[in-house]
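Values in this text are rule-based calculations from the coordinates and carry no lab data. Model, not experiment: these values are computed from the prediction. Every residue, glycine among them, receives a Cβ derived from its backbone with ideal geometry; neighbour counts consider all protein chains shown.
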Amino acid sequence: MKKYIISAGILALAMSATAQNEYDAVKFSQTFQQGTARSAAMGGAFGALGGDISVLSINPAGMSIYRGADVCITPMVINNTVESQLNGFSQEDSKFTMKFASVGVVMGNDRGKTTGFTNFAWGIAYNRLNDFSTNEYMEAVNNSGSMLDTWKDWGNKGNWSPMANDLGFQAGLLDRLGGKLVTANDHEFYTEYPGGYGETQSRSITQKGGVNSWDFGISGAYNDMFFFGASLGVQSINYKLTSYYHEDDKANTLSYHYWDFTEKKKINGGGVNLKMGLIVKPTQFLRFGASFHTPTVYNLTDKSSAYIKREFDESTFDVLQDEYDAADDKDQVINPGKLEYLSDNNTYEYGLVSPMRGILSAAFIIPGYGLLSFDYESVNYSKCKYQGSDFGDEDEDWMPFTNGVIKQKAQKTNNFRLGVEGLAGPLSVRAGYALYGNPYKFVSGNKQRQILSFGLGLKADESIYFDLTATYHIYQTDAVLYEGPDMAQMYSYDNRYLNVLLTVGVKL
């Protein structure tokens, strides 16, 4: 049996191999329009409407609908529930958070004219475009495999992973016998144990953060028929991930009681884009809109760390105790019974370019009674790409490889947003529906995201207004308990978000 020595710097090498992937690129590029409570209640379908703070991140031409000033703030509460399915086992977890969905001000300047340039407006708005807050948990008994088999398979096929294989060796979970790797589940690893499977495997994932945008826009109106505008978007990404994987030998057939592998990741950064739009109002009843969002160019910083822990079986502990007692340099031998290793933080900087967006919109308005609005959005996620990393020569192939995987796995999506509003004096009743297409090609089931919404609005007087909205997000996702060339524990989970937004505003 081998002696287990801890080598410094293993985790630093390991994290560079898994710091970024195709899923992060798509995740950070997705946006789901909400903004103010009014906009959220109508599914985010405001591309042809205007007259709302949220239009700075959809179609900035809508600012020139304003004839005066509007200042508003929109806090939001989020309750996310995740139900996981794996091997017939079902688990549910939830997370409750509070955020600001929107804050902004628009100043319109009515020139008192009916022809020529009739109005100008400028605005500044903050809108939350995506939220990553989830708690996911999955647990099942696996009678046919272990994540260690994945690590062994990688190594035996020459696909050596510094994080998996090196740390497996350090934890005493992998060894090399007869020129091939074996795991602690194999009988030949420790002949005192029969080996085999039947471990209870679990994984919990906690995600936090989101994508936020500050937009600075100007717009104008010509003949009160053509409305045009542009906004500079300064977007930020704030993302935190903690992944905890656990295998427990409850059958006592292996050389360990359990082992854990924890990964932590924190990604922060910012980027810029430009949004340009046009609205045409041929009659008082109809409006048509079009807008274009350039790709967002981000500079991101990734800080990662990992932790591995193993608790040995009693007889294995006795062997290790003898090695420990006989060792001349006890600092180079693991503490008997347990192994724990915490890596240093590993920091990398790189760029990410998210895809451009095109939006076509239409609205039918009956003044004093209500309106119906519709948005169509096209986004090609296969155009996401990483650029400009500081990983060094050892990872020079990482970027083209990952960008190639993005092209293979991601696809173009067609997104639809529909909203309706009815007016009854100072009271408004609103409802909406949004359908965001699946950004991946090779997934099973229905992975589209649906958003159902309902809201109420109240004008307290000529200047003060209140809007209250509830939105319900529904979507499915596949994920792996662990991943490898030939094997995977695949599970699916149903995500259900309930968001409640309250907008308080003043129009002058």
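When both the stretch 237-294 and the stretch 406-442 are represented by their alpha-carbon centers, they are found 18 Å apart. Within the shell of other residues whose beta carbon sits under 14 angstrom from the beta carbon of residue 447, the net charge comes to +2, with Lys and Arg scored +1 and Asp and Glu -1.
Its Kirkwood hydrodynamic radius, worked out from the mean inverse distance over all distinct Cα pairs, puts the stretch 80-164 at 19.4 Å. Measuring against 24 Å, Cα to Cα, the residue pairs 27/95; 240/275; 309/409; 113/275; 27/409; 99/309 contain 240/275; 309/409; 113/275; 99/309 as the ones spanning a longer distance.
The packing ranking of peptides 454-467, 260-273, highest mean first, is 260-273, 454-467, where packing means the average number of other beta carbon atoms within 10 angstrom of each residue.
The fewest-to-most ranking of 288, 169 by surrounding Cβ atoms within 10 Å reads 288, 169. Counting only lysines at least 8 places from residue 180 when in the same chain, those with an alpha carbon closer than 19 Å to its own are 2, 3, 152, 157.
Rounded to the nearest 20 debye, the dipole size of the stretch 177-299 about its Cα centre is 920 debye, using +1 on the Cβ of Lys and Arg and -1 on the Cβ of Asp and Glu.
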